[in-house]
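Chemist: Before I ask anything, here is the structure I am working with.
The values are calculated or read from the model by the stated rules, or taken from the named source; none is laboratory data. Note that the coordinates shown come from a computational prediction; the quantities given were computed from them, not determined experimentally. Virtual Cβ from ideal backbone geometry, glycine too; neighbours counted across all protein chains shown. The protein model used for the area step is the full one, side chains on, heavy atoms only, and it has no ligands, DNA or RNA in it. Shrake-Rupley method; radii C 1.70, N 1.55, O 1.52, S 1.80 Å.
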Amino acid sequence: MDDLKITLETLGEEDRRELGIFIQRQKKKKSRKDLALYKLLLQDKHHTPEQLIARLYPDEPNPVAYYALRKRLTRHLTDFIMLKRMEQDSTSASTIMGLLSLSRYLFDAQVERLAWHYLLKAEKLAAANEQFDLLNTIYNLQIEKAESEFAGDLDQIIEKRNQNKLAADEMERANIASSIISQRLQTVRRQGSDLHFDRIIQEVLSSYNLTEAVSKRPQLLFKLMSIARSAVLARKDFLTFEPFIISQYQETEQKYGFIKAHQYYKLSLLYMIAHVLYRNKKFVESIHYLAALHNSMSGDGKHHYATFYPRYIFLMVANLVFLRSNAEAIGLMEKLLYKSKVHLSQRDQLTALLGLSFNYFAQGAFGKANRVLLGIKRSDKWLEQTMGREWVLKKKMGELILQYELSNEDLVLNKIRSFERTFKDMLQQPAYYNVKQYLQLIKHMVDQPAAVASEAFFQQVEQSLEFDSFENTDIQAMSFYAWLKAKMLRRPYYDVLLELAQSNL
């Protein structure tokens, strides 16, 4: 495979458009071969080097010029990604590196007063954002330039450098511990053993003398909770994760607090807590933490507003649905999609569209729900690359149920056959057993519509689907089950869904 093509294909549609403009930033020409190569590499069809050379140099093939062109396009891509990462940098690392580079330039130019001004500015910013590696570089440069009349006290600089080395070493140990924890959790998941993520985390932290560090370093706490959350999402073990993350968050907040530089981590942790409470069907408590999230992102965390506001709305809408406020939920989602000043990323826009379709469905507005999904004019391959396979699976399930409600039985059966081919490997996994059975039940409903309300079909549903207790049943799985139950009882879906959310299965 072409490595450059593989790298380019990782870009989202908006980034691809922006890179095309970036390539032409210096000179706009009617014909640019680097731009032509870029467009060729983005095509679905794979071209050999010989084919690309023939397309780019039709009159006289020129392999030397072609490989020089590839290097130029690679430079464009590298510069573009570097600038994008700087734009998205929430840790100020790129700003610090810029100040450090400017300081070095001014030292070389013999403008020492300004060089020290920017160097001290870089130190202050790096210290506030716990950029220990960059601080080490800054202190070493200060020591190197200590003879300058504008330098600070050398002994103090050396002391700060030594203290920073201890903090940097702690973060290095934390990174090692994080990798070990992640690997152990993955092993447990593969083996199907009990997760016990809290015990695994504490054992590794203790062995690296990091137990106290987690509470005083929100960056480390966020990293560990993200690792644990990934394992929890895969196993849907939300009940044990809830008290663990809440206690960890509260300990950090009460003992050390969150300074301005830690707001991204604070917002992320608040969102994780609100999300796990929602998945555990504690909707009022989830909204309580969402209110704290909104207050924080409107205050010290305002620089992260655009990142967290869509997530806040998605989770607020999800909670409102189960608090008998679906109409309010629809209003929030429509406002986010069509009236909000916050720019939505492609992922957020697609998440909002899928969510709005569900809200319309719950309202019984099947035509509206269907039009929203039809408005996602993207191939399954593109959606899978952008949103992930699990998201595409949920979208397909939603389409199936919608077509059943719209009385398009032939289309339902066609979609089931397509679904079974596309997700054949996933349907063989234990985690997707209920999905596989669910498809068979829908087939039965299409083939024998009169039997849907019968006692025999009710027994078939109960025997086919594997549910534990209500508390251990994933809320998304419960939502799909509610539709089946509504069909059997010949009652509105939303009423049945709310009843299930408030009682045992």
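Chemist: At least 1 residues that are farther than 26 Å from GLN346 by Cβ and not small (Gly, Ala, Ser) in each: list the helices (runs of 4 or more DSSP H) lying fully within the stretch 1-118 that qualify.
Modeler: 33-41, 49-56, 63-87, 93-108
Chemist: As an exercise: evaluate TYR264 against (1) aromatic (Phe, Trp, Tyr); (2) more than 28 Å from LYS302 (Cβ to Cβ); (3) touching a residue at least 60 places away in the same chain (Cβ under 8 Å) and give the number of the one condition it does not meet.
Modeler: Of the numbered conditions (1) aromatic (Phe, Trp, Tyr); (2) more than 28 Å from LYS302 (Cβ to Cβ); (3) touching a residue at least 60 places away in the same chain (Cβ under 8 Å), the odd one out for TYR264 is (2).
Chemist: Let me ask something additional. Kindly provide the set of residues from the stretch 252-278 that are charged (D, E, K, R) and modelled with pLDDT of 90 or more, ordered by number.
Modeler: Passing the criteria: GLU253, LYS266.
Chemist: Based on this model, can you work out whether ARG378 counts as of a type outside the set (Val, Ile, Thr) and farther than 25 Å from LEU406 by Cα?
Modeler: No: the conditions fail for ARG378.
Chemist: With the requirement that a residue be surrounded by 15 or more Cβ atoms within 10 Å (Cβ to Cβ), more than 18 Å from ILE180 (Cβ to Cβ) and without any contact (Cβ under 8 Å) to a residue 24 or more places away in the chain, what does the stretch 200-234 give you?
Modeler: Passing the criteria: only LEU233.
Chemist: Among the residues of the stretch 286-307, count how many are buried (at least 21 other Cβ atoms within 10 Å of the Cβ) and either among the acidic types (Asp, Glu) or under 25 Å from LEU239 (Cβ atoms) (or both).
Modeler: As a first pass, look at the stretch 286-307 and keep what is buried (at least 21 other Cβ atoms within 10 Å of the Cβ): 286, 289-290, 293, 297, 301.
Then drop every residue that is not either among the acidic types (Asp, Glu) or under 25 Å from LEU239 (Cβ atoms) (or both), which leaves 286, 289-290, 293.
The qualifying residues number 4.
Chemist: A further question follows. Restricting to the stretch 137-153, and then to whatever is surrounded by fewer than 15 Cβ atoms within 10 Å (Cβ to Cβ) and aliphatic (A, V, I, L, M), can you tell me which residue is modelled with the highest pLDDT?
Modeler: Ranking the candidates gives ILE143 first.
Chemist: Of the numbered conditions (1) touching a residue at least 60 places away in the same chain (Cβ under 8 Å); (2) in a loop (DSSP other than H, G, I, E, B); (3) polar (S, T, N, Q), GLN476 fails exactly one; give the number of that condition.
Modeler: (2)
Chemist: Between a residue in the stretch 282-295 that is of a type in the set (Phe, Trp, Tyr) and any residue that is outside any helix (DSSP H, G or I) and open to solvent by 50 Å² or more (accessible area, probe 1.4 Å), which pairs come within a Cβ distance under 7 Å, given they are 6 or more apart or on different chains?
Modeler: Taking only residues 6 or more apart or on different chains, the pairs are PHE283/LEU323.
Chemist: Output yes when any residue across the stretch 447-469 is within 29 Å of the chain's Cα centre (by Cα) and of a type in the set (Ser, Thr, Tyr), and no when none is.
Modeler: no
Chemist: Moving on to the next point. Filter the stretch 84-123 down to residues that are closer than 26 Å to HIS262 by Cβ and open to solvent by 80 Å² or more (accessible area, probe 1.4 Å), then give me how many there are.
Modeler: 7
Chemist: Surrounded by 15 or more Cβ atoms within 10 Å (Cβ to Cβ), modelled with pLDDT under 95, at negative phi and over 16 Å from the mean Cα position of the chain (by Cα): does that describe ASN319?
Modeler: no
Chemist: Which numbered condition in (1) closer than 21 Å to GLU203 by Cβ; (2) hydroxyl-bearing (Ser, Thr, Tyr); (3) open to solvent by 50 Å² or more (accessible area, probe 1.4 Å) is the only one that TYR256 fails?
Modeler: (1)
Chemist: Next question. Counting residues that are buried (at least 17 other Cβ atoms within 10 Å of the Cβ), which helices (runs of 4 or more DSSP H) fully inside the stretch 413-467 reach at least 2?
Modeler: Those helices (runs of 4 or more DSSP H) span 433-447, 455-464.
Chemist: Right, here's the next one. Residue under question is ARG311, and the condition is that it be in contact (Cβ under 8 Å) with a residue 12 or more places away in the chain, assigned to a helix (DSSP H, G or I), of a type in the set (D, E, K, R) and touching a helix residue (DSSP H, G or I) at 6+ places or on another chain (Cβ under 8 Å); does it hold? Step through it out loud before you land on a result.
Modeler: Details: in contact (Cβ under 8 Å) with a residue 12 or more places away in the chain: yes; assigned to a helix (DSSP H, G or I): yes; of a type in the set (D, E, K, R): yes; touching a helix residue (DSSP H, G or I) at 6+ places or on another chain (Cβ under 8 Å): yes.
Spelling it out, ARG311 is indeed in contact (Cβ under 8 Å) with a residue 12 or more places away in the chain, assigned to a helix (DSSP H, G or I), of a type in the set (D, E, K, R) and touching a helix residue (DSSP H, G or I) at 6+ places or on another chain (Cβ under 8 Å).
Chemist: Considering (1) modelled with pLDDT of 80 or more; (2) open to solvent by less than 60 Å² (accessible area, probe 1.4 Å), say which one ASP237 fails and leave the rest.
Modeler: Evaluating ASP237 over (1) modelled with pLDDT of 80 or more; (2) open to solvent by less than 60 Å² (accessible area, probe 1.4 Å) leaves (1) as the failure.
Chemist: While we're here: Specify the residue that is most open to solvent (accessible area, probe 1.4 Å); the eligible residues are those in the stretch 40-83 that are closer than 30 Å to ALA128 by Cβ and not hydrophobic (A, V, I, L, M, F, W, C).
Modeler: Taking the candidates together, the pick is THR78.
Chemist: Taking only pairs six or more apart or across chains, which ones have beta-carbon atoms under 7 Å, a first residue in the stretch 56-82 that is farther than 21 Å from GLU14 by Cβ, and a second residue that is open to solvent by 60 Å² or more (accessible area, probe 1.4 Å) and part of a helix (DSSP H, G or I)?
Modeler: LEU56/LYS33; LEU69/LYS33
Chemist: Which of the residues spanning the stretch 1-25 are farther than 13 Å from LEU40 by Cα and touching a residue at least 24 places away in the same chain (Cβ under 8 Å)?
Modeler: Scanning the stretch 1-25 gives MET1, THR7, GLY12, GLU13, GLU14, ASP15, GLU18, LEU19, PHE22, ILE23.
Chemist: I'm checking my understanding of the structure. Among residues of the stretch 489-500 that are of a type in the set (A, V, I, L, M, F, W, C) and crowded, with 18+ Cβ neighbours inside 10 Å, which one is modelled with the lowest pLDDT?
Modeler: LEU500
Chemist: Mind checking whether some residue in the stretch 376-392 is open to solvent by 20 Å² or more (accessible area, probe 1.4 Å), under 30 Å from LEU323 (Cβ atoms), in a helix (DSSP H, G or I) and of a type in the set (S, T, N, Q)?
Modeler: Checked against the condition, which is being open to solvent by 20 Å² or more (accessible area, probe 1.4 Å), under 30 Å from LEU323 (Cβ atoms), in a helix (DSSP H, G or I) and of a type in the set (S, T, N, Q), the stretch 376-392 yields no hits at all.
Chemist: Within the stretch 126-151, restricting attention to residues that are charged (D, E, K, R) and in contact with a Lys or Arg (Cβ under 9 Å, 6 or more places away or on another chain), which residue is farthest from GLY301 (Cα to Cα)? Quick ask: steps written out before the conclusion?
Modeler: Residues of the stretch 126-151 charged (D, E, K, R): 130, 133, 144-145, 147, 149.
With in contact with a Lys or Arg (Cβ under 9 Å, 6 or more places away or on another chain) added as a condition, the list becomes 130, 149.
Working: GLU130: 17, GLU149: 39 Å.
Only one residue tops the list, namely GLU149.
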